[in-house]
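Shown next, in structure tokens, is the structure this report addresses.
The values are calculated or read from the model by the stated rules, or taken from the named source; none is laboratory data. Nothing here was measured: the structure is a model prediction, and the numbers come from that model. Positions of Cβ are backbone-derived with ideal geometry, glycine not excepted, and every protein chain shown enters the neighbour counts.
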């Protein structure tokens, strides 16, 4: 089995690229989905997040309000919440990684030649790149991130820009991510252009997965 990390900055298109890999028969799990599950009321991670960030991050039904948690962690200005981001990551990352490892083990038991992809924004920032056989970085221009985030969240461009800058301040710049990448997918162009890159990378991954250890 080939373990692949798929990463990139906010609104770079990781999810779209991940879906393209799945369409080509790769297995995929998203760190963000795992984190959402771990933050359901009654889970240990939920309890610790609420202890650390307060009940102000909760909706009336007791569920975590993701926007409020992001505000509490990242702060209102780019770079203003770095210590709180580290605190959130300290709580969430170990549990997310445990679930990823369980998933990878399960995939490996069923298919020894599988391509198993973990999509996560902070693979490099968390020092987790060495857990994977290959690392794919998705990148695009900053203005595209802003446009995509504005469309996705239904907010104006200035609000999206502030959110992009705030998140990017807590992540490595693309230039640094690319230095660690085995493959880079430039998602700045059309979906068709991205699809062609994904197909080329997937072919290489297939060859590596089939290669004897």
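Some points to look at:
- Yes/no for residue 71 being assigned to a helix (DSSP H, G or I), under 30 Å from residue 192 (Cα atoms) and either free of Cβ contacts under 8 Å to residues at least 40 places away in the same chain or more than 16 Å from the chain's Cα centre (by Cα) (or both): no
- The combined condition, being touching a residue at least 40 places away in the same chain (Cβ under 8 Å), in contact with a strand residue (DSSP E or B) (Cβ under 7 Å, 6 or more places away or on another chain) and surrounded by 14 or more Cβ atoms within 10 Å (Cβ to Cβ), is fulfilled by residue 118.
- Of all the numbered requirements in (1) over 15 Å from the mean Cα position of the chain (by Cα); (2) under 17 Å from residue 35 (Cα atoms); (3) free of Cβ contacts under 8 Å to residues at least 60 places away in the same chain, residue 93 misses one, and that requirement is (1).
- Condition met for residue 63 (on the phi < 0 side of the Ramachandran plot, modelled with pLDDT under 95, surrounded by fewer than 17 Cβ atoms within 10 Å (Cβ to Cβ) and out of contact with any strand residue (DSSP E or B) (no Cβ under 7 Å at 6 or more places or on another chain)): no
- Flag if residue 162 is surrounded by 14 or more Cβ atoms within 10 Å (Cβ to Cβ), over 18 Å from the mean Cα position of the chain (by Cα), in contact (Cβ under 8 Å) with a residue 24 or more places away in the chain and within 17 Å of residue 18 (Cβ to Cβ): no
- Residue in segment 12-25 that is buried (at least 16 other Cβ atoms within 10 Å of the Cβ) and over 19 Å from residue 187 (Cα atoms) present: no
- Only one of 44, 72, 83 that is modelled with pLDDT under 95, more than 26 Å from residue 185 (Cα to Cα) and touching a helix residue (DSSP H, G or I) at 6+ places or on another chain (Cβ under 9 Å): 72
Residue by residue, here is whether (1) without any contact (Cβ under 8 Å) to a residue 24 or more places away in the chain; (2) buried (at least 17 other Cβ atoms within 10 Å of the Cβ); (3) out of contact with any strand residue (DSSP E or B) (no Cβ under 8 Å at 6 or more places or on another chain); (4) farther than 30 Å from residue 112 by Cα holds:
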site: 168; (1), (2), (3), (4): no, yes, yes, yes
site: 171; (1), (2), (3), (4): no, yes, yes, yes
site: 191; (1), (2), (3), (4): no, no, yes, yes
site: 194; (1), (2), (3), (4): no, yes, no, no
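- The set of residues in segment 1-22 being part of a helix (DSSP H, G or I) and over 22 Å from residue 151 (Cβ atoms) consists of 21, 22.
- Number of the exception - residue 181 against (1) closer than 18 Å to residue 13 by Cβ; (2) crowded, with 20+ Cβ neighbours inside 10 Å; (3) modelled with pLDDT of 95 or more; (4) touching a helix residue (DSSP H, G or I) at 6+ places or on another chain (Cβ under 8 Å): (4)
- Residues that are out of contact with any strand residue (DSSP E or B) (no Cβ under 7 Å at 6 or more places or on another chain) and surrounded by fewer than 20 Cβ atoms within 10 Å (Cβ to Cβ) within segment 26-37 comprise 32, 33, 36, 37, listed in sequence order.
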